[in-house]
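Reviewing the structure listed below.
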Amino acid sequence: MVGTLAQALSYTMLAVVAALVGGILAVYRTPGPQMESNVQHFAAGVVFAAVAAELLPDVHTRAPTVVVIGFAIGVATMLGIHRLSKYVEKRGIGGKMAGAAGLLITVSIDMLIDGVLIGVTFLAEAATGVLIAVALAIEVLFLGVTGVIALPEETSTLKKLAVPAGFGILLLSGVTTGVLVFDGVTGAPIALVLAFGSAALLYLVTEELLVKAQKVPETPTSTTLFFVGFLLIFLLDMLH
């Protein structure tokens, strides 16, 4: 278990570093709307490919009832998180931070879920865990940017950089929890987590990344980047 945890955490550090890089970029050189859209398309393709190439084939071999329950819980959880974020924004919870509070809550919970998923996939098969960790690192790069630019302009640089750092800590906490809780567990519980994680990541792609990406006019470049991201991860899966 110790070896698996160390391996999972080492690969997850890619995502932690990516979050910090995204935060630093957002502080010192905020990307324009078109660049954000391009990154979102690329990240969506990467995450979609990771789910299609690694998680869904494994889920497909599990008991149908467990898979349906896992997917249902995953979708319900993501919808609940979305409603929570909207409630926080509507109520103005957090004062000057109210505008960013909903987003930060959503991303923070997502980081925990992603971390647990990385931990469980490393327990199931290390190669799958590596691919999921790499895919999520690209997603987290974008989330690091998004978390910082959502904050009020007068927020200090240190507080802005604390946001992606916090995302990284939550991700590592999720990985640790996933490995410690599910070590030695087989069968239905693992199938439930994999189905849950698949639904959560598909929700992220379809209802978060691509929806936000459509806020600027679609371009051939952004569309191409979605397929480049998908092909990149798909090829990595074929080669490992």
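The values are calculated or read from the model by the stated rules, or taken from the named source; none is laboratory data. A quick note: this is a predicted structure, and the numbers were derived from the prediction, not measured. Cβ coordinates were reconstructed from backbone atoms using ideal geometry, including for glycine residues, and neighbour counts include every protein chain displayed. Accessible surface areas use protein heavy atoms only, side chains included; no ligands, DNA or RNA. Shrake-Rupley method; radii C 1.70, N 1.55, O 1.52, S 1.80 Å.
Quick one: Debye curve from the alpha-carbon atoms of segment 68-173 only, equal weights, vacuum; give me log10 I(q)/I(0) at q = 0.13, 0.14, 0.17, 0.20 Å⁻¹ to two decimals.
At q = 0.13, 0.14, 0.17, 0.20 Å⁻¹ the computed log10 ratios are -0.54, -0.62, -0.86, -1.09.
Could you give the length gained on full extension between A6 and A126, defined as 0.36 nm per residue of separation minus the Cα-Cα distance, in nm?
Extending this stretch completely gives an extra 42.0 nm.
For a Förster distance of 41 Å, can you work out the FRET efficiency between the beta-carbons of R91 and L239, rounded to the nearest 0.05? Don't skip to the answer; put the middle values down first.
On the way: r = 49 Å, r/R0 = 1.20.
With a Förster radius of 41 Å, E is 0.25.
If you place +1 on the Cβ of every Lys and Arg, -1 on the Cβ of every Asp and Glu, and leave all else neutral, what size is the dipole of segment 74-214 about its Cα centre, to the nearest 20 Debye?
Details: 8 positive and 10 negative charges, 103 e Å.
The dipole magnitude comes to about 500 debye.
Amide H to amide H, which residues 5 or more places from A150 or on other chains are under 5 Å from it, using H placed in the peptide plane?
Distant-sequence amide H within range of A150: zero hits.
Given a cut-off of under 8 Å on Cα pairs at least six residues apart, what relative contact order in percent is computed for the chain?
45
Viscosity 0.890 mPa s, temperature 25 °C: give me the Stokes-Einstein translational D for segment 118-236 in µm²/s, with Rh taken as the Kirkwood radius over C-alpha pairs.
Details: Rh = 16.5 Å.
Approximately 149 µm²/s, per Stokes-Einstein.
Just the ratio, please: alpha-carbon radius of gyration of the chain over 2.2 N^0.38 Å, N its number of residues.
Values: Rg = 17.3 Å, N = 240, 2.2 N^0.38 = 17.7 Å.
So the chain has a normalised radius of gyration of 0.98.
How large is the dipole of the chain about the Cα centre if only Lys and Arg carry +1 and Asp and Glu carry -1, each at its Cβ, rounded to the nearest 20 debye?
Working: 11 positive and 15 negative charges, 137 e Å.
Dipole of the chain, to the nearest 20 debye: 660 debye.
Work out the charge dipole of the chain with +1 on the Cβ of Lys and Arg and -1 on the Cβ of Asp and Glu about the Cα centre, then indicate which of L123, V59, M78 is farthest towards its positive end.
Farthest towards the positive end: M78.
For a Förster distance of 30 Å, can you work out the FRET efficiency between the beta-carbons of R83 and T177, rounded to the nearest 0.05? Working shown, then result.
Numbers: r = 24 Å, r/R0 = 0.81.
Efficiency for this residue pair is about 0.80.
How far is the Cα center of segment 69-88 from the Cα center of segment 211-239, in Å?
One Cα centre to the other: 25 Å.
Taking only protein heavy atoms and a 1.4 Å probe, what accessible area per residue, in Å², does segment 104-240 have with all protein chains in place?
Values: 5690 Å² over 137 residues.
Ligands and nucleic acids excluded, the figure is 42 Å² per residue.
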